[in-house]
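The values are calculated or read from the model by the stated rules, or taken from the named source; none is laboratory data. Everything numeric here is computed off the predicted structure, so don't read it as measured data. When we count neighbours, we look across all protein chains shown, and the Cβ atoms used for this are built from the backbone with ideal geometry, even at glycine.
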Amino acid sequence: MEAGLYIVGTPIGNLGDFSFRALETLKEADLILAEDTRHSRRLTTRYEITTRLMSCHKFNEMQRAEQIIERIEKGEAIAMVTDSGMPGISDPGARVVALCRKAGVMITAVPGPAAVTTAVALSGFGEKGFIFPGFLPHKSGGRKRDLLKWAEADIPVVLYESPYRLIKLLGEIEEHLGVDRTVFVGRELTKKFEELCTGTPAEIRTRYEGRTVKGECVVIIQPIGR
């Protein structure tokens with residue numbers, strides 16, 4: 001296996017959504033960088049992958065990048081995964097890739113699922129493209145600023161949101177973008193309890209209020225008049 005950095009997409013929920021090439025890459029790599037080694041061990045155990053795991057998350061990414069570049073320059077093949085989806089897509093990994101590119105080492109990707117594209121496909125909103133800011137800021141001022149920035153967008157806006165802030169986000173969309181906006185929410189995508197719903201913010205909020213919401217959510221805001 002050629003020395004370099006291999007960006008490997010992993011299932012966003014259902015562990016069966018794992019490609020043969022991804023499996024082969026993780027088995028043959030000298031090391032797997034993982035956002036959370038405990039989480040990734042579920043995948044490696046399922047597929048009998050014995051390659052060593054090393055943590056690489058947002059708090060140690062810069063430090064890890066230096067170590068990884070040195071190992072690649074010595075001839076090692078390093079795979080990188082996150083807890084789900086593609087590294088660097090609202091997940092750790094982008095800084096490692098940027099520094100490896102700057103160092104001139106070989107970088108390639110083994111594509112896999114991503115919650116953003118899965119949700120857009122399920123929503124039926126994405127025919128003409130979409131805007132993907134990822135997660136909103138935690139503070140209310142920043143959230144309002146970003147939502148207003150996309151108020152007149154003519155293509156859908158796709159957001160990731162914690163289940164603990166879903167109700168809050170729906171209220172913010174209603175307040176800042178209007179009560180009649182159509183919104184799609186995809187929760188627990190590809191998993192056993194996958195849930196998809198479309199409606200106004202108030203309609204969807206009614207569906208979730210009084211419930212303990214679990215699992216990461218993808219929220220898609222449809223443009224005005226669509």
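So the values come out like this:
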{"quantity": "Phe125, sole failed condition from (1) in the same structural domain as Thr198 (by TED's automatic domain parsing); (2) assigned to a helix (DSSP H, G or I)", "calculated": "(2)"}
{"quantity": "Condition check for Lys214: assigned by TED's automatic domain parsing to the domain that holds Ser123, among the basic types (Lys, Arg), assigned to a helix (DSSP H, G or I) and in contact with a helix residue (DSSP H, G or I) (Cβ under 9 Å, 6 or more places away or on another chain)", "calculated": "no"}
{"quantity": "Residue in the range 81-90 that is in contact with a Phe, Trp or Tyr (Cβ under 6 Å, 6 or more places away or on another chain), farther than 25 Å from Glu194 by Cβ and small (Gly, Ala, Ser) present", "calculated": "no"}
{"quantity": "Complete set of residues in the range 176-202 that are among the acidic types (Asp, Glu) and within 18 Å of Ala119 (Cβ to Cβ)", "calculated": "Glu188, Glu194, Glu195"}
{"quantity": "Number of positions in the range 49-92 that are under 17 Å from Lys27 (Cα atoms), exposed (fewer than 15 other Cβ atoms within 10 Å of the Cβ) and touching a residue at least 24 places away in the same chain (Cβ under 8 Å)", "calculated": "1"}
{"quantity": "Residue within the range 98-116 that is at positive phi and assigned to a strand (DSSP E or B) present", "calculated": "no"}
{"quantity": "Output for the range 167-226, where each listed residue is surrounded by 14 or more Cβ atoms within 10 Å (Cβ to Cβ) and polar (S, T, N, Q)", "calculated": "Thr182, Thr190, Thr198, Thr200, Gln222"}
{"quantity": "Of all residues making up the range 67-97, the number that are in a loop (DSSP other than H, G, I, E, B), more than 17 Å from Ala22 (Cβ to Cβ) and at pLDDT 95 or above", "calculated": "3"}
{"quantity": "Selection count, the range 12-36, where residues are more than 20 Å from Glu2 (Cα to Cα) and free of Cβ contacts under 8 Å to residues at least 40 places away in the same chain", "calculated": "2"}
{"quantity": "Which listed residue, of Ile131, Ile204, Ile173, Ile167, is among the hydrophobic types (A, V, I, L, M, F, W, C) and within 19 Å of the chain's Cα centre (by Cα)", "calculated": "Ile131"}
{"quantity": "Test: residue in the range 185-200 that is closer than 30 Å to Ala65 by Cβ and modelled with pLDDT under 95", "calculated": "no"}
{"quantity": "Filter result (of a type in the set (Val, Ile, Thr) and assigned to a loop (DSSP other than H, G, I, E, B)) within the range 13-66", "calculated": "Ile49, Thr50, Thr51"}
